[in-house]
Amino acid sequence: VMMHGDDKGLLLPPYIAPIQIVVVPIFRDKDSKVVKSKAQEVADVLRKSGLRVLVDERDEYTSGWKFNEWEVKGVPLRINLGPRDIENAQVELVRRDTMQKSTVNCSTLVDSVFSILNEIQTNLLLRTKEILRQYMSKAISYDSFKSILNGKGGFIYTGWCGDQSCETKVKEETGADLRVLPFDEQQETGLLSNCVYCRQPANKIAVFARAY
């Protein structure tokens, strides 16, 4: 939630979203039966391809209200379907990550949806990696460690001897907790020379950060 969100609400990656696609039928009373039926047909085609789809048929809410609700909930892709779309054998797709709209023919719908969902997944991953990169720093001395904490802040990669007492002292003196022992230690061997606190040989890379 902290990482995948914007001013509109959640922004869920398609691979983990409980609902990957929401189909919103758009109609006046006289068209409701036809449009709802077509919406279910579209959803069934997508479900048969293994996608998680919901059709929002609620009559008590306007289309605009539904759009906003599903944007807040972070559903990756919305399909808008109205009488004119049915006439033209097409649907409107709206991406949650960029809010970009596109019109696709029903004959290519499944391929288009998979392509867009993959693009959204990749886009969110790259966006998250960039945000993480901006908040990651490296410290080889205790002075630089404290300087980063009191300045830029964020997460700090540093060497650690593995002794609980050093972790405790760092927390007492700086307010920073040990957050994680990363898997990519081999890429950070330059930090393994000494423990950031006691200066004894380090045998682990640790990531420290303050809680906010």
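What follows is calculated from the coordinates using simple rules that are stated; it is not laboratory data. Here the structure is a predicted model, which is why all the values come from computation and not from measurement. Positions of Cβ are backbone-derived with ideal geometry, glycine not excepted, and every protein chain shown enters the neighbour counts.
Structure above, values below:
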| quantity | calculated |
| --- | --- |
| Rounded FRET efficiency, nearest 0.05, which uses the C-beta distance separating Asn105 from Glu60 and R0 of 25 Å | 0.20 |
| Mean separation of Cα contacts under 8 Å (6+ apart) over length of the chain, as relative contact order % | 17 |
| Lysines whose Cα lies under 29 Å from that of Lys138, excluding same-chain neighbours fewer than 8 positions away | Lys129, Lys146, Lys152, Lys169, Lys171, Lys204 |
| Neighbour-limited loop hits for GluC sites (Glu not before Pro), segment 27-125 (at most 15 other Cβ within 10 Å; DSSP other than H, G, I, E, B) | Glu57, Glu60 |
| Estimated vicinal HN-Hα couplings, Hz - segment 99-112 in sequence order (Karplus 6.51, -1.76, 1.60; Gly, Pro = x) | 6, 6, 10, 8, 10, 10, 6, 4, 5, 10, 4, 4, 4, 5 |
| Between helix 32-48 and the chain: long-axis angle, C-alpha atoms, 0 to 90°, nearest 10 | 50 |
| Relative exposure of Ile16, Ile140, Ile21, judged by other C-beta atoms within 10 Å (fewest first) | Ile16, Ile140, Ile21 |
| Three-way shape label, the chain, alpha-carbon gyration tensor, a/c 1.5 | prolate |
| Förster-model FRET efficiency, 41 Å R0, Lys129 and Asn150, C-beta, rounded to 0.05 | 0.95 |
